[in-house]
Amino acid sequence: MKITQQEMKQLAEASQAAGREDLYAGIHKALRAVMAECLLAVGRADPTDRQDVTDAGARVCALMDLCVSHVHHENNFVHPAIEARTPGLSADVAHEHLGHLEQIARLRAAARQLDTLDGTALAGALHTLYLDLSLFVAENLRHMHVEETEHNAALWCAYTDEELRAIHGALVATIPPGEMMLVMRWMLPQMNAPERLAVLGGMRQEAPEPVFRAVLDVVQPYLAARDWAKLTRGLGLPAVPGLVDAG
């Protein structure tokens, strides 16, 4: 008997509450944050300020690069895992990925064109980019919801947590250091305190000490004092002098 979408959603919610290994949660929190920040930046960019325009275009291009990488990671690691034990389930999302790549190419081209325009043409192009980026973000929010419910339900039915961690480890091993640091900068501040501690606690055990410290240095400016205090306390690190522990 085929499981319904509602049953998949209920299973995903129950498995999430039970603390199952989640291949989507962390990176999707990062993507939601960077998409939202980019959209807001483009919306407030001043078309009469060349630096504003250049910065907005650069932010869109950086977001597009991150989205392309994310699509490839899911196509190369997550979808094969789904298809291996639940054939056909990832077909719709894989097709959507093709559409996303086409949207990404158009948005990147539009962002790069901004620096070649001026006056009313620039103002119009900037506004059009803002509207098109809004639709791209909206579609990706819907898309990620499907993955975090239907795809997660399938993965949790078909794989143990140990197997899912192995899939995630193989994926992470292909990410260049620069991209990984960018992901950490966006992902860790958006996690809740237990999630953040779990990620950094695991990293502390597996990564070289300089790498672990570099991630802490990247993340600290984006954490509130209360969250930083919780994190350092959980990791057993010395408190920052003068920091008020509001936790």
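The values are calculated or read from the model by the stated rules, or taken from the named source; none is laboratory data. Quantities reported herein were computed from a predicted structural model and do not represent experimental measurements. Using ideal geometry, Cβ is built from the backbone for each residue, glycine included, and neighbour counts are taken over all protein chains shown. The protein model used for the area step is the full one, side chains on, heavy atoms only, and it has no ligands, DNA or RNA in it. Shrake-Rupley method; radii C 1.70, N 1.55, O 1.52, S 1.80 Å.
Summary of values
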| quantity | calculated |
| --- | --- |
| The chain shape via C-alpha gyration tensor axes, a/c threshold 1.5 | oblate |
| Separation in nanometres of the label points that stand 7 Å from Cα toward Cβ, at HIS72 and ALA158 | 2.4 nm |
| For the chain, built as a Gaussian network whose Cα springs stay under 10 Å, the top-fluctuating residue of PRO189, PRO80, PRO210 | PRO210 |
| Length gained when the stretch PHE212-ALA84 is fully extended (0.36 nm per residue, less Cα-Cα span) | 42.6 nm |
| Mean-position separation - Cα centroids, the range 126-150 and the range 72-87, in angstrom | 22 Å |
| Gain upon complete extension [HIS95, ALA166; 0.36 nm per residue less C-alpha separation] | 23.0 nm |
| Among LEU135, TRP228, LEU98 the positive-end extreme of the charge dipole of the chain (Cβ point charges) | TRP228 |
| Listed residues ALA154, ALA111, ALA62, most fluctuating in the chain (Gaussian network, C-alpha, under 10 Å) | ALA62 |
| Three-way shape call for the range 109-247 based on the alpha-carbon gyration tensor, with the a/c threshold at 1.5 | oblate |
| Local electrostatic count, VAL137, Cβ distance below 12 Å [Lys/Arg +1, Asp/Glu -1] | -1 |
| Rounded to whole Hz, the Karplus (6.51, -1.76, 1.60) HN-Hα couplings of the range 123-130, x for glycine and proline | 4, x, 5, 5, 5, 4, 4, 4 |
| In Hz, Karplus ³J(HN,Hα) per residue of the range 85-101 (6.51, -1.76, 1.60; θ = phi - 60°; x = Gly, Pro) | 10, 9, x, x, 5, 8, 4, 5, 5, 4, 5, 4, 4, 4, x, 4, 5 |
| Accessible area per residue, Å², the range 112-247 with all protein chains present, probe 1.4 Å | 53 Å² |
